[in-house]
Amino acid sequence: MAKLDSKVPPGELSGKWRRHKADIRLVNPANKRKYEVIVVGAGLAGSSAAASLAEMGYKVSCFVFHDSPRRAHSIAAQGGINAAKNYQNDGDSVYRLFYDTIKGGDYRAREANVHRLAEVSVNIIDQCVAQGVPFAREYGGLLDNRSFGGAQVSRTFYARGQTGQQLLLGAYSALSKGIASGGITLHTQSEMLDLVVVDGHAKGIIVRDLVTGTITRHAADAVILATGGYGNVFNLSTYARGSNATAIWRAYKRGACFANPCYTQIHPTCIPVTGDYQSKLTLMSESLRNDGRIWVPKRKEDRLKPPASIPESDRDYYLERIYPSFGNLCPRDVASRAAKRVCDEGRGVGISGLGVYLDFAESIGRLGESGVRERYGNLFDIYKEITNENAYKVPMRIFPAVHYTMGGLWVDYNLMSNVPGLFVLGEANFSDHGANRLGASALMQGLGDGYFVIPYTVGDYLASQKPGSRPSADSQEFKTAEVEVALTTSRMLSIKGKEPVSHYHKRLGQIMWQYCGMARNKEGLEKALQEIPALRKEFWENVHVPGSGDTMNQSLERAGRVADFLELGELMCRDALAREESCGGHFREEHQYPDGECKRDDVNFAHVAAWEFAGEGKDPVRNTEPLNYETVKMSVRNYK
Amino acid sequence: MSTNTFSVTVRVWRQDGPGRPGAFADYPVAGVNPDMSFLEMLDVLNDELTMKGIEPVAFAHDCREGICGTCSLVIDGKPHGPHHGVASCQTYMRSYKDGDVIVVEPYRARPFPVVKDLVTDRSAFDKIQQAGGFISIRTGSAPEANSVPVPKEVADLAMDAAQCIGCGACVAACKNSSAMLFVAAKVSHLGLLPQGQPERDRRVLAMVSTMDGLGFGSCTNQYECSAACPKLISHDFIARMNRDYAKAVFRSAFKPVAAGAEA
Ligand SMILES: Cc1cc2nc3c(=O)[nH]c(=O)nc-3n(C[C@H](O)[C@H](O)[C@H](O)COP(=O)(O)OP(=O)(O)OC[C@H]3O[C@@H](n4cnc5c(N)ncnc54)[C@H](O)[C@@H]3O)c2cc1C
Ligand code: SF4
Ligand code: FES
């Protein structure tokens with residue numbers, strides 16, 4: 001069984017990180033250049049880590065499957081990034097951001113990690129502004145803020161509706177500077193297909209060049225994965241099509257524990273599905289809930305009527321009604337489930353009945369159309385392109401969609417997994433959001449991990465490794481891993497069955513959405529645990545991957561990713577079944593209060609479930625890390 | 001939600017690899033739904049080709065919401081298709097009707113060689129960025145964010161430029177394959193902000209000379225670039241960059257060569 005030591009430093013919460021930084025080992029400057037660090041991923045987490053480590057003098061190699069680091073999925077984040085600057089003088093503080101995040105995560109995150117995140121949040125904004133990130137400003141020239149779900153203060157910094165883009169371009173510019181100075185070697189269109197573990201330590205990766213098909217071995221003193229989230233298990237999600245779980249899944253199969261795989265965030269405000277050709281779902285930023293009001297008709301019979309013809313008295317602004325103090329700004333999991341409930345009652349709008357209105361009439365009355373355009377213009381444009389409807393005139397129709405995965409590889413306080421030398425940053429790890437992430441906190445975490453945590457903690461590990469002691473990429477472990485990757489690739493190409501890869505991805509997505517989506521129960525999860533292995537078997541007998549392995553082959557790329565999803569999906573269902581409670585994004589129908597809210601079981605489940613691979617065909621082992629709350633008292637979340 | 005489906009023919013450029021000969025091939029696509037995106041229509045086509053034993057059409061895409069800059073189709077001769085201010089992935093089939101023949105090609109620009117079918121290599125853009133598209137600020141050394149106020153109008157204008165998604169449509173649209181709009185967007189974004197001032201001259205000099213060195217053509221003020229740009233980046237930024245460049249050249253003539261400008 002894996003040993004899970006969280007390495008949370010002792011002592012009072014707010015001093016832990018400061019003391020830890022003073023206590024951990026350092027690598028002397030002359031030795032830094034003797035260490036090679038592999039960074040997989042160049043989203044916010046990977047770019048900021050690679051840039052910062054190169055500045056410190058480490059030799060960094062950065063791998064991305066994209067054709068440019070600037071295309072990482074972080075680019076798509078719309079709404080904003082949180083930081084406890086208290087520029088609005090509305091009572092914000094590091095403690096309040098910490099507390100909101102812990103509470104928003106339904107008391108399933110590690111206190112010490114979250115507090116550190118809140119502490120570094122203020123440095124992130126300084127760093128980004130200095131890089132030239134054009135955040136929104138007030139007329140006086142100072143930074144502007146907006147509010148996001150789960151908070152009663154305005155602490156979200158934003159750059160129109162393209163905050164992720166601007167932050168990523170900032171991190172990408174730092175990365176570009178590192179490449180120019182020779183500190184970083186960049187490998188684009190290079191997909192990591194395996195982790196190489198030598199004597200129990202992560203010492204390299206196996207990579208396939210997506211243009212030429214060539215498979216190569218890369219050795220390093222430490223490996224950092226910053227490969228993003230795995231929500232595409234569901235096929236339809238707000239993720240980019242290329243987002244995948246391959247890097248973390250292969251690391252799992254090499255011994256890294258996978259923590260809380262079932263914690264999935266379903267975002268309440270996305271554009272509803274229109275047909276089975278659909279390839280992705282588009283998010284309408286949560287920031288819209290600042291000014292938009294969510295409602296459905298009170299009566300089922302009205303659901304297909306033109307919304308303007310439904311008088312105020314026949315509308316149910318259900319979030320404002322049920323949660324008067326947070327209203328439309330209640331956390332995502334709460335808002336999503338509420339939408340599901342009103343649609344289950346038959347009051348959903350649109351032909352499919354799977355939609356609710358997000359209405360701007362009131363704010364247009366207050367701010368004028370131009371005021372609303374100024375704040376959200378690009379979102380209204382996106383909405384128009386996709387639906388052909390003008391949301392300045394008719395309310396938007398929205399529905400929840402898979403958006404973020406709180407689960408990920410287990411890491412300790414140093415962001416190192418249980419495999420020494422393997423670090424995991426950003427959405428790929430599990431560490432900071434518990435069972436539900438608050439809006440605008442993922443960007444904060446990605447940059448916090450990359451700019452302000454890993455530069456310290458990687459040194460603590462490297463100091464224990466003799467400079468120059470890393471194994472050669474020609475050693476047996478590397479060669480074996482390379483052969484295995486090549487065999488899997490050729491096996492996939494040789495099946496030439498009767499269905500394209502997309503067929504399996506869609507079917508897996510349907511199973512996951514139905515049984516492991518917004519609401520889960522024992523019976524459904526058990527059913528999924530029958531259906532997924534059967535689907536996986538069929539995939540390996542009947543999938544048709546055209547073409548060959550020695551050129552660009554997008555079908556082959558997707559096949560490899562779907563093959564991993566077919567395994568990870570099963571683990572998610574297992575985790576959801578084992579967690580006999582409801583918390584945050586994990587809602588087990590058996591465990592709810594009469595009003596439909598999550599019923600946690602702190603006696604039996606106040607822990608992280610970290611799954612350990614036990615070999616093909618064997619049941620994985622469920623390890624646990626208890627969550628010790630020293631500062632906050634666990635209580636029932638209340639947004640009413 | 002629409003239910004009336006229709007059929008189109010896509011005439012697609014097929015090319016095995018870099019430097020290989022290519023040709024158009026016609027493929028019928030039936031059951032097209034007006035709410036489908038253009039890329040979803042290609043997905044449907046690709047699944048059909050796969051099952052017929054024909055290699056699917058390679059095309060670049062990722063976010064499918066107009067922000068990552070990966071998609072890069074030339075549809076009926078227009079980079080990113082018929083609509084103004086959107087990327088290929090934001091083109092919907094409601095723009096087409098039954099019986100249409102739609103021609104789909106890769107970008108045709110020397111600095112962006114074809115990798116396969118509709119996929120091109122745009123790494124030249126990354127090289128331009130590496131030449132100077134950054135503010136040199138070490139992690140952890142930044143001053144307090146509100147210590148330097150930036151007038152809202154300036155921040156807004158910088159943001160207008162910063163919205164560039166690096167798709168390369170401006171280059172594909174230009175008969176000279178000029179990258180001026182892309183470079184001007186980056187240079188203006190950083191050059192407008194107070195934080196970007198110390199490196200302003202060397203940035204513009206280095207980025208422009210790298211651009212020239214990579215084989216992008218010169219700008220003859222036709223503004224096909226901004227017309228094709230999915231983010232509506234204004235060609236005013238080109239004029240702004242030209243002024244910046246001239247000033248930087250002038251100033252560098254009276255100073256010892258700025259460090260970095262020789263790169
Ligand atoms: C539509 C949308 C809007 C969002 N809006 C917000 C918001 O407003 N605020 C907020 O805080 N959060 C938001 N989020 C969440 C946030 O954007 C992400 O959680 C975060 O950006 C993830 O960053 P990352 O660096 O961990 O990973 P990513 O940005 O996903 O980067 C992953 C990187 O890993 C590389 N990679 C992956 N697998 C491999 C492999 N096998 N081999 C090689 N390279 C690989 C990729 O090339 C890429 O460079 C949003 C998410 C979505 C989907
Ligand atoms: S300037 Fe416009 S067309 Fe050119 S790369 Fe940027 S977004 Fe694309
Ligand atoms: S696929 Fe991202 S911009 Fe089109």
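The values are calculated or read from the model by the stated rules, or taken from the named source; none is laboratory data. Note that the structure is predicted; figures quoted are calculated from it, not measured. Note: ideal-geometry Cβ built from the backbone for every residue, glycine included; neighbour counts use all protein chains shown. When the accessible area is computed, the model is the full protein with side chains, heavy atoms only, and any ligands, DNA or RNA have been set aside. Shrake-Rupley method; radii C 1.70, N 1.55, O 1.52, S 1.80 Å.
Ignoring ligands, DNA and RNA, what percent of the 1.4 Å accessible area of the range B:122-252 is carbon and sulfur? Accessible surface attributable to carbon and sulfur in the range B:122-252 totals 54 percent. If R0 equals 35 Å, the separation of the Cβ atoms of residue B:83 and residue A:341 corresponds to a calculated FRET efficiency of about 0.40. Of the chymotrypsin sites (Phe, Trp or Tyr not before Pro) found in the range A:11-62, not one falls in a DSSP loop while having at most 14 other beta-carbon atoms within 10 Å. Computed over protein heavy atoms with a 1.4 Å probe, the accessible surface of the protein assembly as shown works out to 34 Å² per residue. Taking a ≥ b ≥ c as the square roots of the eigenvalues of the Cα gyration tensor of the protein assembly as shown, is the shape rounded (a/c under 1.5), prolate (a/b larger than b/c) or oblate? Judged from the Cα gyration tensor, the protein assembly as shown comes out rounded (a/c under 1.5).
What's the center-to-center distance, using Cα atoms, between the range A:99-166 and the range A:509-579 in Å? The range A:99-166 and the range A:509-579 have Cα centres spaced 35 Å from each other. For residue A:186, nonlocal amide neighbours, meaning residues 5 or more places apart or on other chains whose placed amide H falls under 5 Å from its own, are A:62.
In loop segments of the range A:561-640 as defined by DSSP, the GluC sites (Glu not before Pro) with at most 16 further C-beta atoms inside 10 Å of their C-beta are A:580, A:589, A:590, A:616, A:630.
Backbone phi angles across the range B:67-75, fed through the Karplus curve with coefficients 6.51, -1.76 and 1.60 (θ = phi - 60°), yield HN-Hα couplings of 10, 7, x, 6, 5, 6, 9, 9, 10 Hz in residue order; Gly and Pro are listed as x. Solvent exposure of residue B:233, expressed as accessible area, is near 10 Å², computed with a probe of 1.4 Å over the protein chains only. Taking θ as phi - 60° and the Karplus parameters 6.51, -1.76 and 1.60, the scalar couplings of the range A:629-635 work out to 8, 9, 10, 8, 8, 5, 8 Hz in sequence order, x denoting glycine and proline.
Interface residues of the range B:1-44, defined as a loss of at least 30 Å² in heavy-atom accessible area between the chain alone and the complex of all protein chains with a 1.4 Å probe, are B:1, B:35, B:40. From the square roots a ≥ b ≥ c of the eigenvalues of the alpha-carbon gyration tensor of the range B:47-104, which class results: rounded (a/c under 1.5), prolate (a/b over b/c), or oblate? The shape class here is oblate. Classification of the range A:1-84 by its C-alpha gyration tensor yields an oblate form. The axis ratio a/c (a ≥ b ≥ c) is 1.5 or more, and b/c is at least a/b. Loop-located chymotrypsin sites (Phe, Trp or Tyr not before Pro) in the range A:68-155 (DSSP state not H, G, I, E or B) with no more than 12 neighbouring Cβ atoms inside 10 Å: A:139. For the residue pairs A:496/B:52; A:498/B:52; A:253/A:479; A:506/A:527; A:21/A:177; A:177/A:203, the C-alpha atoms sit more than 19 angstrom apart in A:21/A:177; A:177/A:203.
Amide H contacts of residue A:316 (H built 1.01 Å from N, in plane; Pro and chain starts excluded): A:296, A:298 sit under 5 Å, all sequence-distant by 5 or more or on other chains. By the rule of a second cysteine Cβ within less than 4.7 angstrom, chain B holds isolated cysteines at B:164, B:167, B:174, B:219, B:229. Summed over both chains, the accessible area lost when A and B associate is about 6200 Å², using a 1.4 Å probe. Each of residue B:214 and residue A:367 was given a label point 7 Å from its Cα along the Cα-to-Cβ line. The distance between the two points is 3.7 nm. Residues of the range A:117-143 buried by at least 40 Å² of accessible area upon assembly of all protein chains, compared with the chain on its own (1.4 Å probe): A:126, A:127, A:129, A:130, A:131, A:132, A:134, A:137, A:139, A:142. Once backbone amide H atoms are built at 1.01 Å from N, residue A:423 has A:223, A:224, A:225, A:417 as its partners under 5 Å, excluding neighbours fewer than 5 places away on the same chain. When nucleic acids and ligands are ignored and a 1.4 Å probe is applied, residue A:40 ends up with an accessible area of around 10 Å². Percent of accessible area on chain A owned by carbon and sulfur, 1.4 Å probe? Its accessible area is 50 percent carbon and sulfur atoms. With just the Cα atoms defining each centre, how far is the range A:204-223 from the range A:618-640? Give it in Å. Centre-to-centre (Cα) distance: 37 Å.
The simple spin-label model puts a point 7 Å past each Cα toward its Cβ; for residue A:308 and residue A:495 those points are separated by 5.2 nm. Converting phi to 3J(HN,Hα) with the Karplus coefficients 6.51, -1.76 and 1.60 and the offset θ = phi - 60°, the range B:35-47 yields 7, 5, 7, 4, 5, 5, 5, 5, 4, 4, 4, 5, 5 Hz in sequence order, with x at every glycine or proline.
Of the residues A:522, B:175, the one with the largest accessible area comes first in the ranking B:175, A:522, computed with a 1.4 Å probe on protein heavy atoms. Between the alpha-carbon centres of the range B:101-149 and the range A:27-90 there is a gap of 17 Å. With the cut-off at 26 Å, tell me which of the pairs A:384/B:175; A:3/A:466; A:599/A:633; A:466/A:618 have Cα atoms farther apart than that. Beyond 26 Å between Cα atoms: A:384/B:175; A:466/A:618. Run down the lysines and flag those whose C-alpha is under 16 Å from the C-alpha of residue A:340, throwing out any fewer than 8 positions away in its chain. Partners found: A:298, A:300.
If you take all other residues with their beta carbon under 11 Å from the beta carbon of residue A:20, and give Lys and Arg +1 and Asp and Glu -1, the sum is +4. Nearest 10 degrees is fine. How inclined is helix A:361-387 to the longest principal axis of chain A, computing both from alpha carbons? Helix A:361-387 and the main axis of chain A meet at about 50 degrees. The fraction of accessible area contributed by carbon and sulfur in the range B:6-116 is 54 percent, rounded to a whole number (1.4 Å probe; ligands and nucleic acids excluded). Each Lys and Arg adds +1 at its Cβ and each Asp and Glu adds -1 at its Cβ; summed about the Cα centre, the range B:109-263 shows a dipole of about 260 debye. Could you check the simple spin-label distance between residue B:95 and residue B:136, using points 7 Å along Cα→Cβ, in nm with one decimal? The answer from the label model is 4.3 nm. Residue A:24 exposes around 20 Å² of accessible area when a 1.4 Å probe is run over every protein chain in place. Within chain A, antiparallel bridges make up roughly 70 percent of the DSSP beta bridges whose residues both belong there.
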